[in-house]
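Shown next, in structure tokens, is the structure this report addresses.
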Number of protein chains: 2
Amino acid sequence: MSGLENTPFDELVVGMTATYTKTVSEEDIKLFAILSGDTNPIHLDEEYAKTTPFGGCIAHGAMCAVIISAAVATKFPGPGSIYAGQEMRFKKPVRPGDTLTAHLELVEKKRRGNIVLINNEIKNQNGETVFLGVSTVVAPTEKVVAKPVELPRVELFD
Amino acid sequence: MSGLENTPFDELVVGMTATYTKTVSEEDIKLFAILSGDTNPIHLDEEYAKTTPFGGCIAHGAMCAVIISAAVATKFPGPGSIYAGQEMRFKKPVRPGDTLTAHLELVEKKRRGNIVLINNEIKNQNGETVFLGVSTVVAPTEKVVAKPVELPRVELFD
């Protein structure tokens, strides 16, 4: 695995962009349910979900928050960032199997507190916007190259 | 398991409150890392984390988003709610083992679109505020009692 490298405050320029892609699997939705304790059948019981206005299972809305958080922490600005705040608007449902691409763009730098504002938009594989948001981040002041942690393997038993 | 019962729009009253509690384990932090792809060592490598200003491992900030999302979806207003938006401010780090209690309070009802605004505050076991936010939710118009999904058992293999 290569290192997680950041872009320190002084190197950040308004207009810089980054992307982060993740396919949301059925297993991801189960993991989110386990992590959150959100056992709502709209996310996991297809038969039930078909009877709702969504017409089938959807991912938890905050799955998009998980993706944005990872994009900020690992890519832009990356390690050493302190996540101070986030605004989110959920625009369209995310379905199991959807491939989501988060687009990040630096829109403001505040010298005081080294704070940066990063616009976020998440689109699905059909180009539909499913999420809009703004991250408030205390950018790192030093260059950091962090060694990514090797994640454990996960297995689910029904 | 008892049913997940909602409070429909007409029964919601400004000032109503609800709480949701979760202890954030080391396993939860690993699950978040797997789910998000955020392999930043600040969350999982104690030795590395000690060298940072946090002085030890911390949970991913968006763990609080996961908790608020579950509180809205399962308790208040509960099933049938459509999560439209969320503002979040991360006030203090969350550490493995912390017990977090989310306090939700209905602060506004908009007849148009059945939208409700719900203030959120998450406190840790020491009474410290770690998170402040506001959820925007399209409240359900009908009574729903949903059968919670039985979650699979999860195992992690290092």
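The values are calculated or read from the model by the stated rules, or taken from the named source; none is laboratory data. These numbers were taken from a predicted model, which means no experiment stands behind them. Glycine also receives a Cβ, built like all others from the backbone with ideal geometry; neighbour counts cover every protein chain displayed. Heads up: the accessible areas ignore ligands, DNA and RNA and are worked out on the full protein's heavy atoms, side chains in. Shrake-Rupley method; radii C 1.70, N 1.55, O 1.52, S 1.80 Å.
Laid out as a table, the results:
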{"quantity": "So A:Ala59, is it surrounded by 22 or more Cβ atoms within 10 Å (Cβ to Cβ) and more than 8 Å from chain B (Cβ to nearest Cβ)", "calculated": "yes"}
{"quantity": "In the range B:110-130, the residues that are in a loop (DSSP other than H, G, I, E, B) and crowded, with 16+ Cβ neighbours inside 10 Å", "calculated": "B:Asn124"}
{"quantity": "Single residue of B:Val94, B:Val72 found to be more than 7 Å from chain A (Cβ to nearest Cβ) and in contact with a Leu (Cβ under 7 Å, 6 or more places away or on another chain)", "calculated": "B:Val94"}
{"quantity": "Some residue of the range A:27-43 being part of a strand (DSSP E or B) and in contact (Cβ under 8 Å) with a residue 12 or more places away in the chain", "calculated": "no"}
{"quantity": "A:Pro96 more than 27 Å from B:Asn120 (Cα to Cα), in a loop (DSSP other than H, G, I, E, B) and either β-branched (Val, Ile, Thr) or open to solvent by less than 40 Å² (accessible area, probe 1.4 Å) (or both)", "calculated": "no"}
{"quantity": "Enumeration of residues in the range A:131-150 that are under 14 Å from A:Leu12 (Cβ atoms), of a type outside the set (A, V, I, L, M) and not in a strand (DSSP E or B)", "calculated": "A:Pro140, A:Thr141, A:Glu142, A:Lys143"}
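Yes or no, residue by residue, for (1) more than 24 Å from B:Leu4 (Cα to Cα); (2) out of contact with any strand residue (DSSP E or B) (no Cβ under 6 Å at 6 or more places or on another chain); (3) small (Gly, Ala, Ser):
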| residue | (1), (2), (3) |
| --- | --- |
| A:Asp28 | no, yes, no |
| A:Ala33 | no, yes, yes |
| A:Tyr48 | no, yes, no |
| A:His60 | no, yes, no |
| A:Ala73 | yes, yes, yes |
| A:Phe76 | yes, no, no |
| A:Pro79 | yes, no, no |
| A:Ile82 | yes, no, no |
